[in-house]
Amino acid sequence: MPDLSRTGSWLLFTDGIPQSQVDTDDPGYLEFEYVRRIGHIADLAFPAGEPLRVLHLGGGGLTLPRYLAHTRPGSRQLVAELDVPLTELVRKHLPLPPGHGIRVRAADAREVLESVRAASYDLVISDVYAGAKTPFHLTTAEAARAAARALRSGGVYTVNVADGPPLQQAR
């Protein structure tokens, strides 16, 4: 849906739950607080403007891949997004800019995570939802070990886990 509060901005809802915001005029703009925090992690963990190799577990509207392509030209990014109709919708209505370096693989995020070459990514971002929950198989110690294996030395793994008291899923 168009974001009526910001020209060139779009909101993606899945089952009535806001999933992504994309500003096609300014991909450096991040509306959702948690997305800004993930963007800040990338901004602070690596030298400004340095191209990165990034694995995104979950794609949504491809907000963070767009942000990183904008702020770090030359970055190579792989997005694991299981929802093929969602990816087709995003590509049709919110096309990626030329030379973006973003590939989308239609597969389960955990399967992609476990299939990538060891030590091949600077940054792994896990931001996967099934409705309003993070799928359990991405919250396990095994998933964290797979992310550690995928990271280069000095790499960063950031995870968005939706949870509430008593933080059982985060634990």
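Could you grab the Rg to Rh ratio for the stretch 70-171? Cα atoms only, Kirkwood for Rh.
Rg divided by Rh gives 0.98.
Share of antiparallel DSSP beta bridges in the chain, in percent to the nearest 5?
Around 30 percent antiparallel, to the nearest 5.
Once amide H atoms are placed 1.01 Å from N in the peptide plane, what residues at a sequence separation of 5 or more from residue 3, or on another chain, have their amide H within under 5 Å of its amide H?
Amide H neighbours of residue 3, under 5 Å, 5+ apart: 9, 10, 11.
In deg cm²/dmol and to the nearest 500, what is the mean residue ellipticity at 222 nm of the chain if only DSSP H runs of at least 4 residues count, each as -39500 (n - 2.57), divided by the residue total?
The per-residue figure over the chain is -8500 deg cm²/dmol.
Please tell me the relative contact order of the stretch 37-128 in percent, rounded to the nearest whole number, where contacts are Cα pairs under 8 Å and at least six residues apart.
Result for the stretch 37-128 is 38 percent.
Compute the relative contact order of the chain as a whole-number percentage, counting only Cα pairs closer than 8 Å that sit 6 or more residues apart in sequence.
After rounding, I find 19 percent.
Just going by the charge dipole of the stretch 1-73, with Lys and Arg at +1 and Asp and Glu at -1 on Cβ, which of 12, 42, 62 is farthest out on the positive end?
It is 42.
Report, in debye and to the nearest 20, how large the dipole of the chain comes out about its Cα centre when Lys and Arg carry +1 and Asp and Glu carry -1 on their Cβ.
540 debye
Would you kindly derive the ³J(HN,Hα) couplings of the stretch 33-41 from the backbone phi angles with the Karplus curve 6.51 cos²θ - 1.76 cosθ + 1.60 (θ = phi - 60°), listing them in order in whole Hz, with x for Gly and Pro?
For the stretch 33-41, the Karplus-derived couplings read 4, 5, 5, 4, 4, 5, x, 5, 4 Hz, x marking Gly and Pro.
So what is the orientation-averaged projected area of the chain, using the convex hull of its C-alpha atoms, in nm²?
So the mean shadow area of the Cα hull is 9.7 nm².
Please compute the modelled spin-label separation between residue 145 and residue 162, points set 7 Å along Cα→Cβ, answer in nm with one decimal.
2.9 nm
Please list, ordered by chain and number, the residues whose modelled amide H lies under 5 Å from the amide H of residue 105; skip anything fewer than 5 residues away on the same chain.
79, 80, 81
Readers should treat all values here as calculations from the given coordinates under stated rules, not as data from a laboratory. Just so it is clear, the structure is predicted and the values come from calculations on it, not from any experiment. Note that we place each Cβ from the backbone using ideal geometry, even for glycine, and neighbour counts take in every protein chain shown.
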